[in-house]
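Visitor: Take a look at the following structure, please.
The values are calculated or read from the model by the stated rules, or taken from the named source; none is laboratory data. Every value quoted in this text rests on a predicted model; they were computed, and no experiment measured them. Because the Cβ atoms are built from the backbone with ideal geometry, glycine has one as well, and the counts that use them run over all protein chains shown. Keep in mind that these areas ignore ligands, DNA and RNA; they rest on the heavy atoms of the full protein, side chains included. Shrake-Rupley method; radii C 1.70, N 1.55, O 1.52, S 1.80 Å.
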Amino acid sequence: MRTTLLILLISYCFYSCNSHATKQESIAAAPIHYVDPYPMIREGQALLKEGDLVVRLNQDPTSQFIKNFNRQDKSYSHAGIVLFEKGYPFVYHIVNGEENPDEKLRKDSLSWFCSPRNNLAYGIYRYEWNEGETKRLKDLIHKWYAKGVHFDQTFDYRTDDKMYCSEMIRKALEKVTNKRIMIETTKLTSAEAGLFSAYLHLPLSYTSKLEIVSIDNLYKTPSCVLIKNYDYSFK
């Protein structure tokens, strides 16, 4: 199936390019200026504060699949939360696949988490924390990290020993703020439930009842404000 689609896509591109060749020859090519992403990462790191939300868009096909469950903003596909250690910010997040073979909660520098080698964009958002909530957040995330919480392949919100990235952040927010900050969930449509079932090899009867924490649920809320978005695209 994938081979057939690839052949069709290549054929379409070939036909399209040739059918417009004459027109293209008469149009001067616009200059392409490369945007250096590394200053963006350095700038973003200087902006980070304890408890900030960092979201990113990875280049892999899975990320393109995940971002489409966002209802309001399809810019990002993964999220982590920032904690400082000896003055240095780390992004705590749960991910699976080649990036994280053991599928445990991990911590990474912003430059690794948002590396332009693997990502197309990232953004920084901020919740309003008080001092007590920040301390409870650190204690809770460190507890989960020490426990080795794994990625939840079944997206079951009832379990805390296994979680996915946005689930972990939603639960942390609710616990440390005593539900002052509540994040909404997203009910899958019938079509999405079917895709979820096929992609994750889960029964349709299960995915049809799923409500997930989409990435944009985390920041499309009054309790969260944008600090800055960064796009590594060509200009």
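Visitor: I'd like to compare 88-96, 164-172: which one has the highest average count of other Cβ atoms within 10 Å, and what's the full order after that?
Guide: Taking the mean over residues of other Cβ atoms within 10 Å, the ranking is 164-172, 88-96.
Visitor: Using the Karplus equation 6.51 cos²θ - 1.76 cosθ + 1.60 (θ = phi - 60°), what ³J(HN,Hα) coupling, rounded to whole Hz, does each residue of the stretch 97-111 give in order, writing x for Gly and Pro?
Guide: Each residue's phi maps through the Karplus curve to give x, 4, 5, 8, x, 7, 6, 9, 3, 10, 10, 9, 5, 4, 5 Hz.
Visitor: Something else now. Roughly speaking, what is the centre-to-centre gap between the stretch 212-235 and the stretch 90-144 when only Cα atoms are used, to the nearest Å?
Guide: Cα centroid to Cα centroid, the span is 14 Å.
Visitor: Could you tell me what percent of the accessible area of the stretch 108-235 is made up of carbon and sulfur, with a 1.4 Å probe and every protein chain present?
Guide: 55 percent
Visitor: Please give the length that would be gained between K86 and K175 if that part of the chain were fully extended, namely 0.36 nm times their separation in residues minus their C-alpha to C-alpha distance (nm, one decimal).
Guide: The K86-K175 span can extend by a further 29.6 nm.
Visitor: Per residue of the stretch 42-54, what does 6.51 cos²θ - 1.76 cosθ + 1.60 with θ = phi - 60° give for ³J(HN,Hα)? Whole Hz please, x for Gly and Pro, Karplus curve as stated.
Guide: 5, 5, x, 4, 5, 8, 5, 10, 4, x, 5, 8, 10
Visitor: If you don't mind, there's one more thing I want to ask. Per residue, how big is the convex hull of the stretch 81-205 when only Cα atoms are used? Give it in Å³.
Guide: On the way: hull volume 17.6 nm³, N = 125.
In the stretch 81-205, the Cα convex hull volume per residue is 141 Å³.
Visitor: Okay, moving on. Read phi for every residue in the stretch 215-224 and hand back ³J(HN,Hα) as whole Hz from Karplus 6.51 cos²θ - 1.76 cosθ + 1.60, θ = phi - 60°, with x for Gly and Pro.
Guide: 4, 6, 4, 5, 10, 8, 8, x, 7, 9
Visitor: Still on this model: What accessible surface, in Å², does a 1.4 Å probe find on L200, ignoring ligands, DNA and RNA and rounding to the nearest 10?
Guide: The accessible area of L200 comes to roughly 40 Å².
Visitor: While we're here: What is the calculated FRET efficiency for H201 to L140, with r their C-beta to C-beta distance and R₀ = 25 Å, to the nearest 0.05?
Guide: 0.20
Visitor: I want the local charge near N178. Using Cβ-Cβ distances under 10 Å, sum +1 for each Lys or Arg and -1 for each Asp or Glu among the other residues.
Guide: With Lys, Arg at +1 and Asp, Glu at -1, the net is +2.
Visitor: Here's something else I'd like to know. Rounded to the nearest 0.05, what FRET efficiency do D36 and E128 give with R0 = 41 Å and r taken as the Cβ-Cβ distance? Could you check?
Guide: Once the sixth-power term is evaluated, E becomes 0.80.
Visitor: Nearest 20 debye, what's the magnitude of the dipole of the stretch 65-178 about its Cα centre given +1 on Lys and Arg Cβ and -1 on Asp and Glu Cβ?
Guide: I would put it at about 160 debye.
Visitor: Running Debye on the stretch 106-147 with equal point scatterers at the Cα sites and no solvent, what base-10 log of I(q)/I(0) appears at q = 0.17, 0.19, 0.24 Å⁻¹?
Guide: These q points yield log10 I(q)/I(0) values of -0.69, -0.80, -0.92.
Visitor: To continue, here is another question. Go ahead and run the numbers for FRET between S208 and E99, Cβ-Cβ distance against an R0 of 35 Å, rounding to 0.05.
Guide: 0.75
Visitor: Please compute the per residue accessible area over the stretch 106-180 with all protein chains in place, 1.4 Å probe, rounded to a whole number of Å².
Guide: Numbers: 3650 Å² over 75 residues.
Value for the stretch 106-180: 49 Å² per residue.
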